[in-house]
Amino acid sequence: MDGIHQAEVLGQFWLDAVSHEGVPLPSTLYTSPLARCLNTTRLAFSRIFQEQGVTFQPIIKESLRELVTDHTCDRRSNRSWIVENFPDYLVEPNFSEIDSLWTGKHWETRDEHTARKQAVLEDIFSTDENAFIGLTVHSYAISAILRAVGLPEFRVREGSSIALLVKRERIGGNL
């Protein structure tokens with residue numbers, strides 16, 4: 001129940017920030033495919049999107065998920081379950097029915113996790129031209145994103161929101 005309350009508080013934060021503080025509403029929302037993040041995305045953003053008259057349609061990205069460990073909480077639900085329970089969400093192409101990353105026998109290394117986050121950021125930045133996007137991810141995922149963009153890492157408390165300004169620029173043939 002703490003997580004639900006934290007997500008509802010986060011939703012009120014976004015409602016106040018957009019409605020009263022002039023914070024722009026994210027043009028695109030991306031989320032981890034783990035159920036707890038899918039629920040957080042709904043609780044944090046669906047109300048403000050509805051009130052702003054904007055379609056609520058987050059995009060589920062496999063690589064935004066938490067550090068892959070042998071813990072069952074890091075295993076995602078089947079694609080069909082996600083589609084059935086989160087019908088307003090878009091599932092990225094090539095999203096497998098069965099979780100192909102979680103085996104229950106492997107802990108992703110810090111470098112592997114950072115590389116996965118770097119790749120998903122490059123994918124997002126190469127296909128989404130919006131200036132303001134929202135990512136709903138887990139605490140270790142935030143740390144890996146910070147490492148991937150060259151910032152000092154820190155752990156955020158669950159149910160928190162951080163703002164991160166990232167300038168995308170093409171270097172050679174890569175973003």
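The values are calculated or read from the model by the stated rules, or taken from the named source; none is laboratory data. In this text, all values refer to a predicted model and were calculated from it rather than measured experimentally. A quick note on method: Cβ atoms are made from the backbone with ideal geometry, for glycine too, and the neighbour counts reach across all protein chains shown.
Report, by residue number, each residue of the stretch 106-139 that is of a type in the set (Lys, Arg) and either touching a Phe, Trp or Tyr at 6+ places or on another chain (Cβ under 6 Å) or closer than 20 Å to Glu92 by Cα (or both).
Arg116, Lys117
Within the stretch 143-155, identify whether any single residue is within 14 Å of the chain's Cα centre (by Cα) and within 14 Å of Ser32 (Cα to Cα), and answer yes or no.
Within the stretch 143-155, one or more residues are within 14 Å of the chain's Cα centre (by Cα) and within 14 Å of Ser32 (Cα to Cα).
Condition check: more than 22 Å from Arg155 (Cβ to Cβ) and surrounded by 15 or more Cβ atoms within 10 Å (Cβ to Cβ). Does Val91 satisfy that?
yes
In the stretch 32-60, which residue that is in a helix (DSSP H, G or I) and among the aliphatic types (A, V, I, L, M) is farthest from Thr109 (Cα to Cα)?
For the stretch 32-60, the residue satisfying everything is Ile48.
Given the condition out of contact with any helix residue (DSSP H, G or I) (no Cβ under 7 Å at 6 or more places or on another chain), aromatic (Phe, Trp, Tyr), part of a helix (DSSP H, G or I) and within 23 Å of Thr127 (Cα to Cα), answer yes or no: does some residue in the stretch 3-26 qualify?
no
Looking at the stretch 47-73, which of the residues that are in contact (Cβ under 8 Å) with a residue 60 or more places away in the chain and not aliphatic (A, V, I, L, M) is surrounded by the most Cβ atoms within 10 Å (Cβ to Cβ)?
Arg65
Restricting the search to the stretch 78-87, which residues are surrounded by 12 or more Cβ atoms within 10 Å (Cβ to Cβ) and within 26 Å of Phe49 (Cα to Cα)?
Once the filter is applied, which keeps residues that are surrounded by 12 or more Cβ atoms within 10 Å (Cβ to Cβ) and within 26 Å of Phe49 (Cα to Cα), the stretch 78-87 yields Arg79, Trp81, Ile82, Val83, Asn85, Phe86.
The conditions are (1) touching a helix residue (DSSP H, G or I) at 6+ places or on another chain (Cβ under 7 Å); (2) surrounded by 15 or more Cβ atoms within 10 Å (Cβ to Cβ), and Ser96 fails exactly one of them. Which is it?
(2)
Checking the conditions here, which among Val18, Val68 is at pLDDT below 95, within 26 Å of Glu112 (Cβ to Cβ) and β-branched (Val, Ile, Thr)?
Matching residue, one of Val18, Val68: Val68.
Looking at this structure, is Leu164 farther than 22 Å from Pro24 by Cα, modelled with pLDDT under 95 and of a type outside the set (Lys, Arg)?
For Leu164, the condition - farther than 22 Å from Pro24 by Cα, modelled with pLDDT under 95 and of a type outside the set (Lys, Arg) - is not met.
If you check every pair at least six apart or on different chains, which have Cβ atoms under 7 Å apart with a residue in the stretch 96-114 that is farther than 25 Å from Gly150 by Cα first and a residue that is polar (S, T, N, Q) and part of a loop (DSSP other than H, G, I, E, B) second?
Glu97/Asn78; Ile98/Asn78
Here's a check for you: in the stretch 99-126, which residue that is under 14 Å from the mean Cα position of the chain (by Cα) and closer than 17 Å to Cys37 by Cα is surrounded by the fewest Cβ atoms within 10 Å (Cβ to Cβ)?
Val120
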